[in-house]
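Novice: Dropping the structure in here first, questions after.
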Amino acid sequence: MNKNEYYEKILSTNDTPVLIIDLAIVRQRFLFLKKLFPMSHIFYAMKANPHPKVLELLNDLGACFDVASVYELKNLLDLKVDPSKISFGNTIKKKKDIAYAFSKGIRYFTTDSLEDLEHIASHAPKANVFFRVMTNGLGADWPLSRKFGCHQDNVYTLALRARDLNLRPYGIIFHVGSQQRDIGQWDEGVSKCKYLFSLLEKEGIKLKTVNLGGGLPADYYENAPSVEVYAREIWRFLKEDFGEDMPEVWLEPGRYLVGDSGTLISEVILISRKSNLNMTRWVYLDVGKFNGLMETIDELIKYPIDTDRKGQPSSCILAGPTCDSMDILYEKYKYQLPEDLQIGDKVYIRTAGAYTQSYSSVGFNGFPPIKTIVYDSEQNVIFSDAN
Ligand SMILES: *Cc1c(COP(=O)(O)O)cnc(C)c1O
């Protein structure tokens, strides 16, 4: 079956909005990344798409996992994921959650503060610790700066303190910001790692790992370089800084692995104009910020959007279905949709596999969280609704 036949079949038993994930794409992305980073460990940042079928697939392919909470951890343990393949990457966590993770066999923790480091030392004795160094997030469509990480001088202090607390200073992590278009941002991150590796070595602390975080792009409306170019450049930065003394490399991709696997199918509820003279149509969809398209906040992520109509494209404002005026998807940037678009038509929101279902509200205005249907175009199977 081709893609549209799968969609037709799924729509025959499911209403819109529905997020449709092709596991074959996730598999291809993972295997390709593995080829580009052959000796490295790939920790899937599961917050991007925690659907059990996605987790199972990646687990079977040999991926490791980065979790942000004990709830994500429990989901992995339910799927029988080996705890030695899981790292607790969130720098903000309760003491009892550290203790729980440790009791389940988690031995990798990330920190960016003395307070959290002390909690780790008391509740996860002798654990391996990553220190998160701050980046500025420039060049990223979805920046992650400020809230996470700390200055490299602070990392230095934390690593010395970790040793005193009987923890193992294991590596440095940075995250350049999600959907990062500027590959040079990794250059800066890698140099900070090198600086800290050298400085700490003088203190007798031999770090093992550089964790490159996330940031690899999915294929949205505006292009990013291909991931081969990212890999080539990132290896060049690592070689320039570390030479023969290459550290172990970890990556934590989220968006790259799952973004392109998803299409969100929506229906046009209404098309209207705000005044007799205004040329711009308002197109209201049955999906919006609160049931899947959170990342349209400030119009940061621009999804490719298409329809089955062939008419002349013209500008419109796209909005969601709820009674909240925040629920406008794109107004500053004018999407072009066919003139002959009709109420009731399907609208295909592409590259919607990451940060959609997991970001959708539990029932704002009564709209349920978006439903996900998973299929595998390589194995020719549609899985029944698992969430
Ligand atoms: C969200 C997150 C990731 C994944 O980022 P992407 O840009 O989606 O690849 C990786 N690491 C950490 C610590 C994160 O919080």
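The values are calculated or read from the model by the stated rules, or taken from the named source; none is laboratory data. Predicted, not measured: the structure shown is a model, and the values here were computed from it. Glycine gets a Cβ as well: all are built from the backbone with ideal geometry, and neighbour counts include every protein chain shown. Remember, those area values only see protein heavy atoms, side chains included, never the ligands or the DNA or RNA. Shrake-Rupley method; radii C 1.70, N 1.55, O 1.52, S 1.80 Å.
Novice: Would you check the accessible area of Lys126, probe 1.4 Å, heavy atoms only, in square angstrom rounded to 10?
Specialist: The accessible area comes out at roughly 150 Å².
Novice: Could you identify which residue out of Leu160, Leu19, Leu55 has the top mean-square fluctuation in a GNM of the chain using Cα springs shorter than 10 Å?
Specialist: Top of the fluctuation ranking is Leu160.
Novice: Which residue, Met326, Met279, Met46, tops the fluctuation ranking in a GNM of the chain built on C-alpha contacts under 10 Å?
Specialist: The residue with the greatest mean-square fluctuation here is Met279.
Novice: Among DSSP beta bridges whose residues both lie in the chain, state the antiparallel percentage, nearest 5. Write down the numbers at each step before the final one.
Specialist: Values: 25 of 60 bridges.
Of those bridges, close to 40 percent are antiparallel.
Novice: Oh, and also: Can you figure out the FRET efficiency of Lys126 with Lys35, using R₀ = 30 Å and their beta-carbon distance, to the nearest 0.05?
Specialist: Values: r = 35 Å, r/R0 = 1.16.
Computed FRET efficiency for Lys126 and Lys35 comes out at 0.30.
Novice: Most mobile of Tyr284, Tyr100, Tyr71 per a Gaussian network model of the chain (Cα springs, under 10 Å)?
Specialist: Top of the fluctuation ranking is Tyr71.
Novice: Turning to a different aspect of this structure: Would you compute, from DSSP H runs of 4+ residues alone, the mean residue ellipticity of the chain at 222 nm, taking -39500 (n - 2.57) per run and dividing by the full residue count, rounded to the nearest 500? Let's see the in-between values first.
Specialist: Details: 10 runs with 112 residues, N = 387.
Dividing the helical sum by the residues of the chain leaves -9000 deg cm²/dmol.
Novice: Tell me the relative contact order for the range 294-334 as a rounded percent, counting alpha carbon contacts under 8 Å between residues six or more apart. Intermediate results must be reported in sequence, preceding the final value.
Specialist: Details: 29 pairs, mean separation 16.3, N = 41.
Worked out over the range 294-334, it gives 40 percent.
Novice: Could you please report the charge total around Pro17, scoring K, R as +1 and D, E as -1 over all other residues with beta-carbon less than 12 angstrom from its beta-carbon? Walk me through the intermediate numbers first.
Specialist: Values: positive: Lys346, Lys371; negative: Asp15, Glu267, Asp286.
Local net charge: -1.
Novice: Each residue of the range 286-302 in order: what ³J(HN,Hα) in whole Hz does its phi give by Karplus 6.51 cos²θ - 1.76 cosθ + 1.60, θ = phi - 60°, with x for Gly and Pro?
Specialist: Rounded to whole hertz, the list is 8, 10, x, 4, 8, 10, x, 10, 3, 6, 7, 3, 6, 6, 5, 9, 10.
Novice: Would you list the P(r) distribution for the chain, with all Cα-Cα distances sorted into 20 Å bins from 0 and each bin expressed as a whole %?
Specialist: Binned Cα distances yield the sequence 27, 53, 18, 1.
Novice: Take every DSSP beta bridge with both residues inside the range 59-178 and express the antiparallel ones as a percent of the total, to the nearest 5.
Specialist: Working: 1 of 16 bridges.
Restricted to the range 59-178, the bridges split so that about 5 percent are antiparallel.
Novice: On to the next question. Figure the gain on full extension for Gln379 and Met279 (residue separation times 0.36 nm, minus the Cα-Cα span) and round it to one decimal in nm. It would help to have the intermediate numbers written out before the result.
Specialist: Values: separation 100, 0.36 × 100 = 36.00 nm, distance 4.68 nm.
Gain on extension, Gln379 to Met279, equals 31.3 nm.
Novice: Each residue of the range 344-353 in order: what ³J(HN,Hα) in whole Hz does its phi give by Karplus 6.51 cos²θ - 1.76 cosθ + 1.60, θ = phi - 60°, with x for Gly and Pro?
Specialist: Per-residue couplings from phi come out as x, 5, 7, 10, 9, 9, 8, 6, 9, x Hz.
Novice: How do the peptides 111-117, 364-370 rank, highest first, by the average count of neighbouring beta carbon atoms within 10 Å per residue? Could you put the intermediate results ahead of the total?
Specialist: Details: 111-117: 18.1, 364-370: 15.7.
Top to bottom by mean Cβ count within 10 Å: 111-117, 364-370.
Novice: Given a cut-off of 21 Å, name the pairs among Lys35/Lys194; Lys310/Lys346; Lys104/Lys194; Lys94/Lys206 whose C-alpha atoms lie farther apart than that in the structure shown. Walk me through the numbers on the way to the answer.
Specialist: Working: Lys35/Lys194 24 Å; Lys310/Lys346 13 Å; Lys104/Lys194 33 Å; Lys94/Lys206 29 Å.
Pairs exceeding the cut-off: Lys35/Lys194; Lys104/Lys194; Lys94/Lys206.
Novice: Now for a different question. With a 1.4 Å probe and all protein chains kept in place, how do Tyr348, Tyr333 rank by accessible area, largest first? Present the calculation step by step, with values, prior to reporting the outcome.
Specialist: Working: Tyr348 25, Tyr333 80 Å².
The ranking, largest first, comes out as Tyr333, Tyr348.
Novice: Hey, got a sec? Which trypsin sites (Lys or Arg not before Pro) in the range 173-231 land in a DSSP loop and have at most 11 other Cβ atoms within 10 Å?
Specialist: Working: sites: Arg181, Lys192, Lys194, Lys202, Lys206, Lys208; in loops: Arg181, Lys206, Lys208.
For trypsin sites (Lys or Arg not before Pro) across the range 173-231 that sit outside H, G, I, E and B with at most 11 neighbouring Cβ atoms in 10 Å, the list reads Lys206.
Novice: First select every other residue whose beta carbon is under 13 angstrom from the beta carbon of Leu57; then total the charges, Lys and Arg +1, Asp and Glu -1. Present the calculation step by step, with values, prior to reporting the outcome.
Specialist: On the way: positive: Arg27, Arg29, Lys53; negative: Asp22, Glu56, Asp60, Asp376, Glu378.
So the environment of Leu57 carries a net charge of -2.
Novice: Run through every distinct alpha carbon pair of the range 191-234 and return the Kirkwood hydrodynamic radius in angstroms, one decimal place.
Specialist: 13.0
Novice: Under a 1.4 Å probe, what is the accessible area of the chain per residue, stated in Å²? All intermediate terms of the calculation are to be shown ahead of the outcome.
Specialist: On the way: 16920 Å² over 387 residues.
Ligands and nucleic acids excluded, the figure is 44 Å² per residue.
Novice: If we sort 246-258, 309-321 on the protection proxy, mean other Cβ atoms within 10 Å, highest first, what's the order?
Specialist: Ranking the peptides 246-258, 309-321 by packing returns 246-258, 309-321.
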